[in-house]
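Take a look at the structure set out below.
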Amino acid sequence: MRQTVKNDKPNNAEASGSERFLSLLVDGAALGVPQVDETAYKAFRANLSKQSLQLPDRLPEEEKLAQIRAVLQEFENYRKSTEEVLRERLAGWRSLVTLLFNEVLHSLGIDCVSCRPAELLRAIATATSEQSLQDLRERLEAYLHPAGTSSSPVEASQLKKSDFSTANDNAAGLRGGGSAIEDLKKLMEKNNQGSVVIFRLSCLNMISQRFGPEAVEDCLMAVAAFLTERLHADDTIYHWSDSSLLAILQGRPNEQILNSELERISMQNRETTVSIGGHCTMLRIPLTFDVTPIERLKSSEDLNKISLLSYGGSAR
């Protein structure tokens, strides 16, 4: 009886087929990899093709496994490089959006460290999902245009634009902020004591939208007259913007006493009579202020910095 000898070794056709299968599997997997960065993707495909060609038949099993591990390592390397590229792009876009939002706030005369803007800046730095980005967009839209998409930017930006002129052709009939800078420089050269106070009128945006810009001018004029009457004769008031007045107060070395004095004055400014459509109307104009002793200033040009920072200050 003829005895059949069992051959456990795969024939050449089977071996060639398995290697071909591996090559096709590698190529197919490579096609499903996203091309995030063109340069990195080309290098990945080139390295993968090179590794794929090193999967010939009749190689010892250990060498085949080594080649397969090398192929898998190429996928891993590309994954890591792609994640790094995505992180850098995300950080770059966040930085750009933050820069642009800060520029918008600066152009509106709003300090970015105040509560709402700071909260939005933090949201920009953390938004990642589609839903969080949509929520962020809606919050930015609501903040910049609180009265709707067709409304003026937040808190009527033009009302807060600093007036650096020296003329008195504004609604309050006072000299502009340019004169305040000049006068402050003279006081600092003489080492005179005193304080700079920025008085802010709230709700003017709502008044402008409801009654028009003339009503805003009437409010500013009325508050200017009120402060001129209440402050000392040697104090000087200037038009700083269409929603704020700046005063240079001489003397008053005690800041706490000065704050109490200004608190009393602001509390007395309860209602303002303005002429709207030929009729007198009583409006409540909340008045807030921020005090900076002159000795804390390095130069008279610091007035503009005080103006920006005081947007984030406490209302008094």
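The values are calculated or read from the model by the stated rules, or taken from the named source; none is laboratory data. Just so you know, these numbers come straight off a predicted model, no measurement behind them. For accessibility, only protein heavy atoms count, side chains too; no ligands or nucleic acids. Shrake-Rupley method; radii C 1.70, N 1.55, O 1.52, S 1.80 Å.
Taking each residue as 0.36 nm, the span from Q131 to T281 lengthens on full extension beyond its C-alpha to C-alpha distance by 49.4 nm. Figure note: H239, H145, H279 ranked by solvent-accessible area, largest first, 1.4 Å probe, ligands and nucleic acids not counted: H279, H145, H239. Of the residues M206, M188, M282, ranked by 1.4 Å probe accessible area with the largest first, the sequence reads M206, M282, M188.
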